[in-house]
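Working notes for the structure below.
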């Protein structure tokens, strides 16, 4: 009976009311104000009642749509009403507010003490010194290059991580590149190719080349050396980078839906217009560690000697050691490696991959650091970190455990207006950052937002300098694992080098069996990313894969 009422009586009643309004309007024109909404609701109710696509509105005409309305408002209600300052995800209100405050140039100080639970087992801190430094480096840089580099590059220690044109709007790309020019830091293109908007303002670029080789591909989607050479030798392009995987969806590849493949994007990516742009799971230009390094050497040569690097989310440890062994065997040394943490984000990724696949940045960074230091390669290969970096503490933490610099994507999105509406994959971004809709994109004025992104960069480096000075240091490269302490319990705290193994230089060459990585090192071979066949079921002597990292 109740179902009959909600499905039949309610729509019929609404229809009768509209007829009554029509009758009343005939007597007084002001009744028209009631007729228009009434008729609209009746038409909508009839449509909901007879449609077969949605169960909720079929049973609850009109009223069921309120669920969708509040669902669309959910991110805003949660972010500004439900959550407290520290527990929002993926980024807390405190994190977003810090970026926005620094970008706008308003105060970023905090009154009345920390709101963090300093007794919690997740709490960590930077150890300060009784003798703080007077003049820490305010804009530190890192020389990227080795004896194989023709054109070394001095990178800022804080840069824009990979985000493609197509995933970001033209205005957002413009704003970020203009900021990179103003602030003297680099802008990673993402794997979508080098667009006109990346080049318009002259900011330093790192050209990322993914498995689809966008911007440097032939008609079959394979690497085209001539197209790559023409693009990589541009003055704006300072380094190139091979994307092996990203933290948000490692081992998955990617897809730009046909609806977002405009004529402009198709031209830049060198793909058919209005067709899905697929990035395969793996590369076709190489299949082994040695082949990968040979490909990197070819990219370096084609670019005119510019630094070339690798970007990956760490997965199976023996693959990291396979790359290291291939470097030692071939003598081909990439200038840098970017470790992307599993906490990294993207416009759209399968939930299971975002939640459960890939190594978090801290563990991945320590593993890669140990691989390079243990093999005696650290002076030649710089190490960068990417994954939810937005503050001076984030920079300090990553540099203390092995990074030479850090990259950030979502933090720079916040700086140009992103409010974490989480509509990146729908093309309905309310602030014009991740949309190709001109009517939405107009909200983002590149000249205004570029100033904010550059200001956010500068103020974040200022905050890092203050922390470095407090620790009694002059430059972030002086940070070591012992500068970071973690609470382990109510009455116990340990430094990072007490919690994790930090290998001494060359130990993997001289005595790998004395390290926690002994079996992974033995399983690795430069001829394949797969482990040696006689060690398919690697039995770690000192624990599982978790212990190894």
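The values are calculated or read from the model by the stated rules, or taken from the named source; none is laboratory data. Note that the structure is predicted; figures quoted are calculated from it, not measured. Counting neighbours? That spans all protein chains shown, and the Cβs are built from the backbone with ideal geometry, glycine included.
Residue 530: modelled with pLDDT under 95 and closer than 28 Å to residue 332 by Cα, yes or no? Judged against the criteria, residue 530 is a match.
From 157, 130, which residue is in contact with a strand residue (DSSP E or B) (Cβ under 7 Å, 6 or more places away or on another chain) and farther than 30 Å from residue 438 by Cβ? Result of the check over 157, 130: 157.
One residue alone among 229, 217, 234 is surrounded by fewer than 22 Cβ atoms within 10 Å (Cβ to Cβ) and in contact with a strand residue (DSSP E or B) (Cβ under 7 Å, 6 or more places away or on another chain), and that residue is 217. Here residue 79 meets the list (1) within 35 Å of the chain's Cα centre (by Cα); (2) exposed (fewer than 15 other Cβ atoms within 10 Å of the Cβ); (3) modelled with pLDDT under 80 almost entirely, failing just condition (2).
Of the helices (runs of 4 or more DSSP H) lying entirely inside region 180-288, the ones with 3 or more residues being under 23 Å from residue 332 (Cα atoms) and in the same structural domain as residue 300 (by TED's automatic domain parsing) are found at 225-232. Consider residue 174 carefully, then state whether it is in contact (Cβ under 8 Å) with a residue 60 or more places away in the chain and not in a helix (DSSP H, G or I). Answer is no for this residue. If the condition is being touching a strand residue (DSSP E or B) at 6+ places or on another chain (Cβ under 9 Å) and either more than 20 Å from residue 367 (Cβ to Cβ) or assigned to a helix (DSSP H, G or I) (or both), then region 303-318 contributes 303, 306, 307, 308, 318. Checking each residue in region 314-340 for being in contact with a helix residue (DSSP H, G or I) (Cβ under 7 Å, 6 or more places away or on another chain) and within 17 Å of residue 210 (Cα to Cα) picks out 314, 334, 337, 339.
Within region 269-319, take every residue that is without any contact (Cβ under 8 Å) to a residue 24 or more places away in the chain and farther than 25 Å from residue 532 by Cβ and give me the one that is surrounded by the most Cβ atoms within 10 Å (Cβ to Cβ). Taking the candidates together, the pick is 301.
Condition check ((1) at pLDDT below 95; (2) touching a strand residue (DSSP E or B) at 6+ places or on another chain (Cβ under 6 Å)) across all residues:
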| position | (1), (2) |
| --- | --- |
| 344 | yes, no |
| 373 | no, no |
| 378 | yes, no |
| 407 | no, yes |
| 413 | no, no |
| 420 | yes, no |
| 431 | yes, no |
| 443 | yes, no |
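Please indicate, with yes or no, whether at least one residue in region 377-392 is part of a helix (DSSP H, G or I) and in the same structural domain as residue 460 (by TED's automatic domain parsing). Looking for residues that are part of a helix (DSSP H, G or I) and in the same structural domain as residue 460 (by TED's automatic domain parsing), one finds at least one in region 377-392, hence yes. Taken over region 175-204, residues that are buried (at least 24 other Cβ atoms within 10 Å of the Cβ) and closer than 22 Å to residue 271 by Cα amount to 8.
Every residue in region 163-176 that is farther than 24 Å from residue 276 by Cα and either under 17 Å from the mean Cα position of the chain (by Cα) or not assigned by TED's automatic domain parsing to the domain that holds residue 348 (or both), please. Listed by number, the list holds a single entry, 176.
Could you go through region 395-406 and let me know if any residue there is in the same structural domain as residue 184 (by TED's automatic domain parsing) and farther than 30 Å from residue 496 by Cα. Within region 395-406 (the criterion being in the same structural domain as residue 184 (by TED's automatic domain parsing) and farther than 30 Å from residue 496 by Cα), the answer is no, since none of the residues qualifies.
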